[in-house]
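Here the structure comes first, spelled out in structure tokens, and everything after it is commentary.
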Amino acid sequence: MKLRSFLLAVFCCTLYSGFSQVKTDSITKKSSEVVSNKDSVIDGKLFSTEKKIDAEVDTTGVKSLKDLPEVAALDKKWLEELYSNSLFDTIYKSVTELKYEPVDYPELSTDTLKARLARLNARTPFNVEYNESLESVIKGYLKHRRGSLERLMGLSHFYFPMFEQAFDNHDIPLEMKYLAIVESALKPRARSRVGATGIWQFMYGTGKEHDLDVSSYVDDRSDPIKATTAAAEYLGRMYRIFNDWDLALAAYNSGPGNVNKAIRRSGGSKNYWNIRTNLPRETAGYVPAFLATMYIFEYAEEHGFRPERPEFQLIQTDTVHVKQMISLNHVSEATGIKIEELQFLNPAYKLDIIPKVAGKTYALRLPREAVGMFVTNEDRIYAFADAEFNQREKPLPKAINSDTKTTYRVQNGDYLGKIARKYGVRVSQLKQWNGLRGNNLKIGQRLTIYPRVHGASNASKPVKSVINTAGKQTYKVKSGDSLWTIAQKFSGVSVQNIKDWNDISSNKLKIGMTLIVSK
């Protein structure tokens, strides 16, 4: 009896377990079945749920500022050099912390170095004699700084011609151009910890002595031509005091007073290498860094350097005198020149705005192909800029309000132009909102932004539409046309209208393409 009861109990458990498993399976199977509802009605319109509906990007922003495909085509390394301050920081640190221990670099023998320095010494007024300390610095640069030196060689193709012209006008040795490498890594907006600014690292007072204007809009210390002229004048003064170019270099860095103290402490010696130990630490490494840089640039080919040339040569640019207040953003929109290129060519304008000040003349440097377009249409361009300024007279334009404020954290590879395009705003606005005086950013830095395009990101793309030209006025693009010049041909039509009506985001046009120029 007990056995029958036990078997019955086992059978019931098994049966219950089986039903339980079947129930579970049926639920799983049911949940895996997706009921497709092909059509959905949203706001009175029929949509297919099988298709992904991308977010429509707000077209009220300035499209040229978020032209991501065009930006992607730019030379990334080149842009990095224009906006990154890391190279300047690296060089500044290497000069102040210069070490003179022997460096193992078998590719350059001591005898070869001695011979090359002797040839260099014969053709320059600087004292380029061999010593073990200089050999250590040269080999250290060759071994550890090849990449940064190649980038500097690329930048030098643009800057060195203007340096040489200014130095020739003031009877300064042309080799003095290498000093700009040591001073600022060829960064027009480089700023040291003590406030020295520009390619030639002028302090505020010294800049004023040499007629370098510094205001809320303009900092002539960042103007390569004006600052180089001032540097030539100052170096000439130092040479007339010491009658030695090595000492003139030391005085440029630390002041003539410190050089005179070092001479006194060295028993009256006037050879830089004999007084070096009595100079401030930074100045002690200053001339060796300059001579090592000169050697490497002069013998770059022998050491296998292959610098990349920049997008611009100085001869490929020209200047125009600006007659009214205008921003680089206005110039970019009117000419199609990228804002980053305009900032590179015009680094003295701190807020990317060229002011109109009584008694002063300000110049705008442009690629040569854009000069004619600007001069021919400058009245229209100024009128456009004036209208834009009037619209943006208030701190927060109507399209922007405090409710849309967002915070952005700067990431590696970011620069102001890139962030501005991402949020559909202007670089000058980013600076205004965050109290920025220059273009330099730090990784992790937080920026306050009032975006025109809410939730804009690199992944957001407008839905492509088919252009139907039936019953609409069209225009065929000709040689020399730009979106701005075409917009001026038709009353009440803006650049943004043309972009929206033709579903384009770039400023680039192809000759022969047909554009819709009416609603």
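The values are calculated or read from the model by the stated rules, or taken from the named source; none is laboratory data. Since the structure is predicted, the reported quantities are computational estimates derived from the model, not experimental observations. Cβ: placed from backbone, ideal geometry, glycine included. Neighbour counts: every protein chain shown. Side chains are part of the model used for accessible areas, which takes the heavy atoms of the whole protein and leaves out ligands, DNA and RNA. Shrake-Rupley method; radii C 1.70, N 1.55, O 1.52, S 1.80 Å.
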**Study point:** Hits in the range 376-391 (condition: under 16 Å from Val495 (Cα atoms) and without any contact (Cβ under 8 Å) to a residue 40 or more places away in the chain)
**Key:** Ala383, Ala387
Review point. Any idea which of (1) more than 28 Å from Asn131 (Cβ to Cβ); (2) at pLDDT 85 or above is the one Leu314 doesn't satisfy?
Key: (2)
**Study point:** Criterion (among the polar types (S, T, N, Q), buried (at least 19 other Cβ atoms within 10 Å of the Cβ) and at pLDDT below 95) met by exactly one of Asn243, Asn258, Asn253
**Key:** Asn253
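Among Asp379, Asp352, Asp403, which is open to solvent by 30 Å² or more (accessible area, probe 1.4 Å), modelled with pLDDT of 85 or more and among the charged types (D, E, K, R)? Even if it seems obvious, please write down each step before you answer.
Working: Asp352 fails: open to solvent by 30 Å² or more (accessible area, probe 1.4 Å); Asp403 fails: modelled with pLDDT of 85 or more.
None of the other options fit; the residue is Asp379.
Mind counting the residues in the range 458-478 that are out of contact with any Gly (no Cβ under 7 Å at 6 or more places or on another chain) and at pLDDT 80 or above? Break it down stepwise before answering.
So the first thing to find is which residues in the range 458-478 are out of contact with any Gly (no Cβ under 7 Å at 6 or more places or on another chain), and the list is 458-475, 478.
Add one more test, that the residue is at pLDDT 80 or above, and what stays is 473-475, 478.
Count: 4.
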Exercise for review: For residues that are open to solvent by 50 Å² or more (accessible area, probe 1.4 Å) and of a type in the set (Lys, Arg), scanning just the range 261-278, find the one that is modelled with the lowest pLDDT.
Suggested key: Lys270
Exercise for review: Being in contact (Cβ under 8 Å) with a residue 60 or more places away in the chain and assigned to a helix (DSSP H, G or I) is the filter here, so list the residues in the range 332-352 that pass it.
Suggested key: Ser332, Glu333, Ala334, Thr335, Ile339, Glu340, Gln343, Phe344
Practice item. Would you check if Gly268 is free of Cβ contacts under 8 Å to residues at least 24 places away in the same chain, at negative phi, out of contact with any Cys (no Cβ under 8 Å at 6 or more places or on another chain) and of a type in the set (Gly, Ala, Ser)? Key: no
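When the residues of the range 180-197 are narrowed to those that are over 13 Å from Tyr159 (Cα atoms) and either touching a helix residue (DSSP H, G or I) at 6+ places or on another chain (Cβ under 7 Å) or small (Gly, Ala, Ser) (or both), which ends up most open to solvent (accessible area, probe 1.4 Å)? Break it down into steps so the answer makes sense when it comes.
Residues of the range 180-197 over 13 Å from Tyr159 (Cα atoms): 182-183, 189-197.
With either touching a helix residue (DSSP H, G or I) at 6+ places or on another chain (Cβ under 7 Å) or small (Gly, Ala, Ser) (or both) added as a condition, the list becomes 182, 189-190, 192, 195-197.
Values: Val182: 12, Arg189: 43, Ala190: 0, Ser192: 15, Gly195: 14, Ala196: 10, Thr197: 7 Å².
The qualifying residue most open to solvent (accessible area, probe 1.4 Å) is Arg189.
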Revision key, fill the gap. Exactly one of Val410, Val427 is at pLDDT 75 or above and over 23 Å from Glu333 (Cα atoms), and that residue is Val410
